[in-house]
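Here is the structure we will look at, set down as structure tokens.
Every number in this text was worked out from the coordinates using simple rules, so none of it is lab data. This structure is a prediction, so every number in the text was calculated from the model and none was measured. Using ideal geometry, Cβ is built from the backbone for each residue, glycine included, and neighbour counts are taken over all protein chains shown.
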Amino acid sequence: MQRIEHQQVKETVYYESLENGLDVYVLPKRGFHKTYATFTTRYGSIDRSFRLPSGEKITVPDGIAHFLEHKMFEQESGEDVFQQFAIQGAAANAFTSFTRTAYLFSCTDHVKENLNTLLNYVQSPYFTDENVEKEKGIISQEIRMYDDAPDWQSYYGLIRAFYQNHPVKIDIAGTVESIQTITKETLYQCYQTFYHPSNMLLFVVGAVEPEQVFEWICENQSKKEFQPQGEIERFFPAEPDAIAKKREVINLPVGVPKCMFGFKESASALGKSGDDALKQELVTNIILEALFGSGAELYRSLYDEGLIDEQFGYDYTLEKGFAFAMIGGDTPNPDRLIERIESAIPTFVEKGLSAEEFTRIKKKKMGGALRLLNSLEWIANQFTHYRFMGTDLFRIIPLLESITLEQVHQRIQEIFEMERMAVSIVTSKTSA
């Protein structure tokens, strides 16, 4: 068991790589009563084409990672996994993103029992023709629900406007049509490829003793056999730097239109890992806060004009093969909002940040990160995300401290390329 100390934030993480390849991290939090655990695989919606352990290259239906997440809760014994967690005083859940699938629980007691339940059901797939067909109806309803969700549609509308070929433009759940082609055989192929322990990470944070937790996990895993498996080979189509389209308009019955806009990163900004990737994320968020944060001059101006409300915000997504900045919210006049944005950005690029603005925002970001370290849920989800990127959640504070104003100004020139700006608008048909 390796002990990793982060003196600056007074946190100590314990780590061990098990014989079967599973990476296990434990973070004890003194003074907390709750324990939170995530069991995550490096497998998300974009992993459509890959090589099986047998060596065969296959392409699977869109939405299958999300479909597989749903099916993992069905056990051959007929046991209700959620009910079992509830009996043991835990709340359980799962989610699928572009790049990972996570299974999780939180509890204040019976940590050993809940860890065993988590490990056992995720490592015991049970797919039949009948339960797969049944799930297609359930997920089809979920897809149709999101088809009518304005926030989700504005978000995905912008991603579709960004990307020409990359599978990130495909809804995580797939389509009603694509999931009809999913079979139990394909589910098992995906499971056997991506749910091997060597492709997964278990993270436990909260009121726990590390030595005890490792003992429980090792005991559980020693009863199971896994054949050695090498690194998974994944295939992605070439993606040009150019956006797919400048503007995407979706007609839905909304009282107030929704407008999202943003910038697709060029290939030169991709491929980073470790601290380099994390630092790019942190620098970009400083820039977005300076231009679009609630303390920014542009934000106040747009708010005073009635073009935005308190829900207006920004987000930056950085993964190995894609990255983009998104900004937006509700607005009564999307065209006027975009007009104002397009006129403000060149001025910002030319002017940059003052030393005072830079210092203020950097301190704000550091304070926000320190506050979030009191949230077990945030720690667990972000820790796994950053480990998969090859860095560490607790590197945020020292990397923030290391950022210079010169680096920020250099990054401003990179991200705000107007030819890579796209817009997504959700509006009612009567006001389109």
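Annotation: for a label point projected 7 angstrom from Cα along Cα→Cβ of TRP152, residues of the stretch 237-265 with backbone N closer than 20 Å are 248-261. The long axis of helix 376-388 is offset from the longest Cα principal axis of the chain by roughly 90 degrees. Here the label points at GLN212 and ALA242, each 7 Å from Cα along the C-beta direction, are separated by 6.2 nm in the simple model. Legend: calculated FRET efficiency, SER49 to LYS351, from the Cβ-Cβ distance at R0 = 45 Å, rounded to 0.05, equals 0.50. Any idea what angle helix 184-194 forms with the longest principal axis of the chain, computed on alpha-carbon atoms, 0 to 90 degrees, nearest 10? Helix 184-194 sits roughly 80 degrees off the main axis of the chain.
Of the two radii for the stretch 247-431, the radius of gyration is 0.97 times the Kirkwood radius, both from the alpha carbons; that is the Rg over Rh value.
Per-residue extension of 0.36 nm, minus the Cα-Cα distance of MET366 and SER301, leaves a gain of 20.8 nm for this segment. Between SER124 and LYS224, residue separation times 0.36 nm minus the direct Cα-Cα distance comes to 35.0 nm.
For P(r) over Cα pairs in 20 Å bins from 0, in percent, the value calculated from this model appears in [x] 27, 59, 14, 0; [y] 23, 48, 16, 10, 2; [z] 23, 55, 22, 0 under label [z]. The length gained on full extension between MET418 and GLU406, counted as 0.36 nm times the residue separation minus their Cα-Cα distance, comes to 2.2 nm.
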